[in-house]
Amino acid sequence: MRKASSQASLADADDFDLTRLLNHKPRINVERQRSFDDRSLTSELSLSGAGTGTASRGGWGYGGGAMERESYESMYSPGGGLRSYCGTPASSTRLSFEPHPLVGEAWDALRRSLVNFRGQPLGTIAAVDHSAGEVLNYDQQVFVRDFVPSALAFLMNGEPEVVRNFLLKTLLLQGWEKRIDRFKLGEGAMPASFKVLKDPKRGVDKLVADFGESAIGRVAPVDSGFWWIIILRAYTKSTGDMTLAETPMCQKGIRLIMNQCLAEGFDTFPTLLCADGCCMIDRRMGVYGYPIEIQALFFMALRCALLMLKPDAEGKEMMERIVTRLSALSYHVRSYFWVDFQQLNDIYRFKTEEYSHTAVNKFNVNPESIPDWLFDFMPSRGGYFVGNVSPARMDFRWFALGNCVAILASLATPDQASAIMDLVEERWEDLVGEMPVKICYPAIEGHEWQTVTGCDPKNTRWSYHNGGSWPVLLWLLTAACIKTGRLKIARRAIELAEARLARDGWPEYYDGKLGRYIGKQARKFQTWSIAGYLVAKMMLEDPSHLGMISLEEDKAMKPVLRRSASWTV
Ligand code: GLC
């Protein structure tokens, strides 16, 4: 293990396994990949004999109902894909449609953002914006979460090498000893970002990583490890190359990440307790506690890990822990985070101060804490997972990333997934407006902004993380649309983005209630805005790509539905 402060570098010795692995060409094995993906969670669930937690009437319940679908089933079969088990070759993507003029421009910009390490592409820089004159740290960094849409774009285009290099290098970074002052971080932690620097003495590239010790607010990125696992699964699914995920290095990396979030403590809930700003919203925004973004990513990473872990001595034990947690987590989120019209009405009528097991209002949420805006916002058709649930606290804000990932991971039941899309449709002005997609809704202002953000001048109302619109989220919305068969919504959103994005220089975010204004401090040529657009386009043109980033529903985890009155309206 290498000792590392934020200035530590990665020396040659670290590359021992990497060189071997990098020289190894991915082996495409269709048959093996089929069995890899067919290892459904349902069959894994029998592994420990752990109950699947099929919920009898419990929790707060949720609604359900069949919504109109477009005929996507004919194009896409989750978990398998009709077109190919080996991902979609670049040629088929290119031949199947007349590319929009923006696509070529976006590819050029994406390639310009590539970062090399000792002659090999390793990731993409967060932004290639030279217009501002100020070159912040930010512009040279490869952020793990920002690389996700880049990784998907390259995989969809049949260029897996950069993704493979990224996965291996970040894995080596995980092995560093991570400290903030005198405190040592967990072994599984993955960096938020890293950059490549030239070592002036030796004239070779070295890496400098940040695990939170340099980040604003000193928060460790809880999402990085989850995204790493999700990218590894996307790589495996797309290339059919299982050898990477099966290496002892990768198996260990997965186990370390899992170990860190499955550790037992004083928790009374299966959700993961986090500090504020530990995910895409990386500044204080009242997303501490049990934010939906982390819970949805946690769930997806657990499921992806289960698909990739080898059932050897160490792996098997981990798989059993994962299965148990998945069951508890899905039950908890589906039951307690869900709100629709009926559910809101139930909470509105909650009694408080209930003690013992018979309590209905388990977390003692005071109905007076329901914000006024929600009564008008909640449509009679539709619903969503709220931002956070903890004792006496429900954060009713809508967060786009958490809800979209919940759909992709099948944390949302099919009925919940349809209801989320209904909400997006019904509240289009609020949640999409003129630029997809609003990161959260609504913005907080006034006294609440002061106390919740600590008077953060970057997060003023309807700006940045506080109700700003982030083009990167377009790929997640599009993926969720394809999965739920709501292609019209995706097309509409992509059209909106196309009208402005390139003209405005691919900004990082937009401001304003409708997202009409380029963000106050937004970078231009923000890589994930570019890659997010490309991924959305490619998925819509060839929906079989969705299999890389989507998991089919696991029937065994489905709790009993309580039909909510809102579905009969
Ligand atoms: C901002 C975003 C964060 C992103 C980073 C780099 O800090 O909030 O999610 O990773 O910029 O683009």
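The values are calculated or read from the model by the stated rules, or taken from the named source; none is laboratory data. None of the values given here were measured: they were computed from a predicted structure. Ideal geometry is used to build each Cβ from the backbone, glycine not excepted, and the neighbour counts take in all protein chains shown. Surface accessibility is based on the protein's heavy atoms, side chains included, excluding ligands, DNA and RNA. Shrake-Rupley method; radii C 1.70, N 1.55, O 1.52, S 1.80 Å.
Quick grid of which residues meet (1) within 16 Å of the ligand (Cβ to nearest atom); (2) not in a helix (DSSP H, G or I):
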position: MET421; (1), (2): no, no
position: ASP430; (1), (2): no, no
position: GLU434; (1), (2): no, yes
position: TRP449; (1), (2): no, no
position: ALA479; (1), (2): no, no
position: ILE482; (1), (2): no, no
position: ARG492; (1), (2): no, no
position: PRO507; (1), (2): yes, yes
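Take the residues in the stretch 228-261 that are touching a Lys or Arg at 6+ places or on another chain (Cβ under 7 Å) and open to solvent by 10 Å² or more (accessible area, probe 1.4 Å), then tell me which one is farthest from HIS545 (Cα to Cα).
Among those that are touching a Lys or Arg at 6+ places or on another chain (Cβ under 7 Å) and open to solvent by 10 Å² or more (accessible area, probe 1.4 Å), it is GLU246.
Considering the stretch 509-537 alone, what residues qualify as being more than 14 Å from the ligand (Cβ to nearest atom), open to solvent by less than 10 Å² (accessible area, probe 1.4 Å) and out of contact with any Lys or Arg (no Cβ under 9 Å at 6 or more places or on another chain)?
TYR533, LEU534, VAL535, ALA536
Among the residues of the stretch 416-470, what is the count of those that are of a type in the set (Lys, Arg), under 21 Å from ARG486 (Cα atoms) and open to solvent by less than 40 Å² (accessible area, probe 1.4 Å)? It would help to see each step written out before you state the result.
Initially, the stretch 416-470 is screened for residues of a type in the set (Lys, Arg), giving 427, 438, 458, 461.
Okay, now just the ones that are also under 21 Å from ARG486 (Cα atoms), so 427, 438.
Adding the requirement that they be open to solvent by less than 40 Å² (accessible area, probe 1.4 Å) leaves 438.
Qualifying residue count for the region: 1.
If you check ASN361 against the conditions, is it open to solvent by less than 10 Å² (accessible area, probe 1.4 Å) and modelled with pLDDT under 95?
Against the criterion (open to solvent by less than 10 Å² (accessible area, probe 1.4 Å) and modelled with pLDDT under 95), ASN361 qualifies.
Show the residue pairs that are 6+ apart or on different chains and have beta-carbon atoms under 8 Å apart, the first residue being within the stretch 410-431 and free of Cβ contacts under 8 Å to residues at least 40 places away in the same chain, the second being of a type outside the set (A, V, I, L, M, F, W, C) and open to solvent by less than 10 Å² (accessible area, probe 1.4 Å).
Every condition considered, the pairs that remain are LEU431/LYS438.
Could you grab me the full set of residues in the stretch 120-150 that are modelled with pLDDT of 75 or more, of a type in the set (A, V, I, L, M) and within 14 Å of the ligand (Cβ to nearest atom)?
ILE125, ALA126, ALA127, VAL128, VAL142, VAL144, VAL148
Only one of (1) assigned to a helix (DSSP H, G or I); (2) hydrophobic (A, V, I, L, M, F, W, C); (3) more than 16 Å from the ligand (Cβ to nearest atom) is not met by ALA502, so which one is it?
The single condition ALA502 does not satisfy is (1).
Which condition from (1) open to solvent by less than 30 Å² (accessible area, probe 1.4 Å); (2) away from the ligand (no atom under 16 Å from the Cβ); (3) part of a loop (DSSP other than H, G, I, E, B) is the one that ALA497 breaks?
(3)
Please identify the pairs in which a residue from the stretch 185-205 that is on the phi < 0 side of the Ramachandran plot has its Cβ atom under 6 Å from the Cβ atom of a residue that is among the polar types (S, T, N, Q) and open to solvent by 30 Å² or more (accessible area, probe 1.4 Å), counting only partners at least 6 apart or on another chain.
Taking only residues 6 or more apart or on different chains, the pairs are GLY186/GLN260; GLY188/ASN259; GLY188/GLN260; LYS195/GLN140.
Among the helices (runs of 4 or more DSSP H) contained in the stretch 231-345, which hold 2 or more residues that are more than 16 Å from the ligand (Cβ to nearest atom) and polar (S, T, N, Q)?
248-262, 313-332
Across the stretch 194-215, what is the total count of residues that are farther than 18 Å from GLU293 by Cβ and within 15 Å of the ligand (Cβ to nearest atom)?
Total meeting the criteria: 6.
So if I check each of VAL339, VAL333, VAL287, which one is within 30 Å of THR236 (Cβ to Cβ) and buried (at least 18 other Cβ atoms within 10 Å of the Cβ)? Before the answer, list the steps.
Values: VAL339 fails: within 30 Å of THR236 (Cβ to Cβ); VAL287 fails: within 30 Å of THR236 (Cβ to Cβ).
None of the others qualify; the one that does is VAL333.
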